[in-house]
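Here's the structure, in C-alpha cells; my notes come after.
The values are calculated or read from the model by the stated rules, or taken from the named source; none is laboratory data. Remember, predicted model here, so these are calculated numbers, not experimental data. Quick reminder, even Gly has a Cβ in these numbers, built from the backbone with ideal geometry, and neighbours come from all protein chains shown. Protein only, heavy atoms only, side chains kept; ligands, DNA and RNA dropped before computing areas. Shrake-Rupley method; radii C 1.70, N 1.55, O 1.52, S 1.80 Å.
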Amino acid sequence: MTARLPIFVLVFCLVLIASPSRAVDFQDLPEIPLSSQRDDLSLLGRSSFLVDPEGVLSLDAALRSDGWEPATEASRKRGLTSAKFWMRFAVVNDTAVPRELVVTHDVGRLTDFAIFTISPDGQVDRTAFDAMQAYEDRPLAYAGAAVAFTVLAGERREVVARFGNDHAIPIHLNLMLWSERGFEHHSVTSTAFFVFWIGCLATAASFWLLYGIFMRQARMVVYAVYMSAVASTYVIFSGVGLQLLFPGNSWLQHLGFDWSVFMLTAAAYEFVRRHLDLERLHPRHNIVLRVAVGFYATAALLALPAQAPVIETPLTFFALMTMPFHLTWLSWIAWRSDGLKYASWMAFGWGLVSLSTLLTASVTAYFVPYLAISHIILVRLVFIGIVIESLLLSASLAQWLRGQEVRRIAAETAASRDSLTGLLNRRGFEAHVHHLKRTGLWPGKLWLVLIDLDRFKDINDTYSHAAGDGVLTHFASMLRREFRANDVTARFGGEEFILLFEAETEEAARSAADRVRQRFADTPTRYDGFKIGHTLSAGLVRVGNSPDEDEATLIAMADAALYAAKKAGRNQVRAYSDLDEIEGQGQPTPGKVVDLTSLSSAAKARS
C-alpha cells in the first residue's frame, strides 16, 4: 500500500493538470431584483470581490481565480493601495420594461474603472470610465467614476466591475448601484451640496481679501488666500469645477488638487505665523514656519507644470496629516502661555480639522473594518468641519480686530486726557468742541468758564510740587462731582481749567461757577498732615456772545473776565458782560487768530 501511494498522487496531479479550469458559476450569487430595487443600493453584502495586487488579471483570469470573497461591511476598507479590485454581482429585470442602471465609485479620479456585463449566452459587453475625458464629452453628466448599462425586460445579467488607481490612494469596496432616477437625484444633490459650501468659502475669502487690502493688513490677505485655496481644492476634488467652471478644459481637469493642497498648507502656515506674532514671541517657531511656507509654496508652483501624482500624492497626505496638528499646538501655546485670547478660536478650529483628519486617516488610509462610514459621507463631514474651522478662524480675526480697536480707543482717550487729573486736556477739549459743532449743539445754551487757581506758585514753594499736584487732583475730583457727565471739564495747562456747560441764564451759569469757587475755598486739601487752603478766580462768557462763535475768541473773552477777577482781588467770578472796557486789552476781533498757548504763561503772571 505504501508503494502504491506515489502512483495515486501522480495520477491525481495529472488529472488536475489535464482538467480544464472551471469558470466561476454565477448562479450562486444573490440576485438583485429590479422591481424592488431602491434608487440607491450598496453592493456590499450582495457581491463578491477579488484583489489583484499587480493589476494584471484579465476578465477571464479573474473569473477563473479562486480568490473571490464575499464583499461585506467588514471588508469595505482596503487602505492606501495601488492594487486593482474586481467585484461581481447579478441583477434580474423582473419588470416589463428595460431598465438603465448606473454603477458608481465615490473616489472620482480613478485611473481604471470598467464594467463588464455578461448575458446568459456568455456575450460580454465592456463599458469603461475615463477620468481624463473632458466632462462635456462624458456619456454621463457626473464628475465621478460612473458607468451605465441597460438590462432588458425579463433578462438576468451578471456584472463584473474592475477599479483601481495607478498610484496608491485610499480606496474602498463600496460600489453603489443606482436606478436612473436615483442617479440623477444623487448627481444634483451632491453638486448642490458642494456648490453651497464652496460658495460660502469663496464669499468669506472675498470679504477678507478686500478688507485686508483696504485696511492694509497682510494677515487678512493671507487668510483670504488660505480660504481660496481650500475652496479651489474642493472645486477640483468634488468635480464642481468639471461640471460648472471648466467642462471642456482638459488641462485643468488633469491638473488635480495636489497643487491647491500645497498652496493652502503654505497659506495656513503663513497666516498662523503672522496672526500669532511668532516673530516676536517665538523666533524659533517663526523660522520653522517660514521654511514650511517656502517649501509648500514651491511645491505648489512645481506641481502645476509637473503633474506627477506619484510624488505629489504622498506629499499631499503628509501635509494634511501634519499641518493641522502642528498649528493646533502652536495656537494652544499662544492661547494658554502667551495670553492671546483670540488664539483660542484657532486652537478649537485647527483641533477640529485635526480630529477630522485623524478620522479620515482611520477609515481610508488604514484598515479599520468595523468603522462603517461611507467615503462620500466622510468627505462631506470633513468638508463641513473645514468650513466650521474657517468660521472659527474668522472669529479669531474679528476678536483680534476688536482688540485693536479697543487699544486704539484707549490710546486716543489717553492722548486726550490729562495724566494727573484725568480731566480732558487741551486736545481733548478741542475735539469735544469740534464734536459739538458737528452735531449742531454749538453754541446752544452753552457757557464757558476759564478758571485759574490763585497763588498756586506759593503753594508749590511752601508745601512742595507734590502738594501742588494734590491740590490739582482735589480740584479735579470736585469738578467731576459738581458737573454732569456730559459737561466738559478740562485742565488747560498748569493751574488753569476750562468748564463748558449748559445754563438757561447768565445768573444760573454764574451761580454754578460761584458754587465751585465757594466749595474749593471751603474744603482745603489735606496733604502730609497739612491743611492747604486755596481759592480760585474765574471768568465767565456765553458761547453765543462770541462774534464769530470761535472757541479761541471765546477763551480770549473769558480770559479778559478772569483778568478782571484777579485785578479785583481774586477769589471771585466775573462775567464778560460785567466789563465796560477791558483794561490793558482790546476787544477780541472776529476772525483774529488767538495764541492759546500764551494763556498758561499769562495765568502764571497773574498769580
- [ ] With the checklist (1) closer than 17 Å to S179 by Cβ; (2) at pLDDT below 90 in hand, flag the one item V15 doesn't pass.
- [x] (1)
Task: Top-ranked residue of region 86-113 - restricted to ones that are surrounded by 17 or more Cβ atoms within 10 Å (Cβ to Cβ) and among the small types (G, A, S), ranked as nearest to R76 (Cα to Cα) - done: G108
TODO: Any residue in region 58-70 that's within 17 Å of A90 (Cβ to Cβ) and assigned to a helix (DSSP H, G or I): show its pairings with residues that are open to solvent by 40 Å² or more (accessible area, probe 1.4 Å) and not basic (K, R) at Cβ separation under 6 Å, as long as the two are six or more apart or on different chains.
DONE: L63/A23
- [ ] Inspect region 524-543 for any residue being free of Cβ contacts under 8 Å to residues at least 12 places away in the same chain, in a helix (DSSP H, G or I) and open to solvent by 40 Å² or more (accessible area, probe 1.4 Å) and give the result as yes or no.
- [x] no
Open item on the list: Any residue that is open to solvent by less than 30 Å² (accessible area, probe 1.4 Å), at pLDDT 90 or above and in contact with a Phe, Trp or Tyr (Cβ under 6 Å, 6 or more places away or on another chain) - is there at least one of those in region 244-262?
Closed with: yes
TODO: State which residue is farthest from E389 (Cα to Cα) when the search covers only region 215-230 and only residues that are among the β-branched types (V, I, T) and open to solvent by less than 40 Å² (accessible area, probe 1.4 Å).
DONE: V222
Open item on the list: Tally up the residues in region 481-518 that are exposed (fewer than 15 other Cβ atoms within 10 Å of the Cβ) and of a type in the set (K, R), please.
Closed with: 3
Task: Yes/no for G584 being modelled with pLDDT under 90 and surrounded by fewer than 21 Cβ atoms within 10 Å (Cβ to Cβ) - done: yes
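Given the structure, is S362 modelled with pLDDT under 95, part of a helix (DSSP H, G or I), of a type in the set (S, T, N, Q) and out of contact with any helix residue (DSSP H, G or I) (no Cβ under 9 Å at 6 or more places or on another chain)? Full working, then the answer.
On the way: modelled with pLDDT under 95: yes; part of a helix (DSSP H, G or I): yes; of a type in the set (S, T, N, Q): yes; out of contact with any helix residue (DSSP H, G or I) (no Cβ under 9 Å at 6 or more places or on another chain): yes.
Yes.
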Task: One residue from L177, L110, L152, L173 being more than 26 Å from T316 (Cβ to Cβ), touching a Phe, Trp or Tyr at 6+ places or on another chain (Cβ under 9 Å) and of a type outside the set (F, W, Y) - done: L177
- [ ] Could you tell me which residue of region 222-246 is farthest from the chain's Cα centre (by Cα), considering only residues that are hydrophobic (A, V, I, L, M, F, W, C) and closer than 20 Å to M323 by Cα?
- [x] F237
Open item on the list: Being part of a loop (DSSP other than H, G, I, E, B), among the charged types (D, E, K, R) and touching a strand residue (DSSP E or B) at 6+ places or on another chain (Cβ under 8 Å): is that true of D125 here?
Closed with: no
Open item on the list: Can you tell me how many residues within region 139-150 are in contact with a helix residue (DSSP H, G or I) (Cβ under 9 Å, 6 or more places away or on another chain) and not aromatic (F, W, Y)?
Closed with: 6
TODO: Just name the residue that is surrounded by the fewest Cβ atoms within 10 Å (Cβ to Cβ) out of those in region 407-426 that are in contact with a strand residue (DSSP E or B) (Cβ under 9 Å, 6 or more places away or on another chain) and charged (D, E, K, R).
DONE: R417
- [ ] Sort out which residues of region 478-506 are β-branched (V, I, T) and in contact with a Phe, Trp or Tyr (Cβ under 7 Å, 6 or more places away or on another chain), and write them in order of number.
- [x] V488, T489, I498
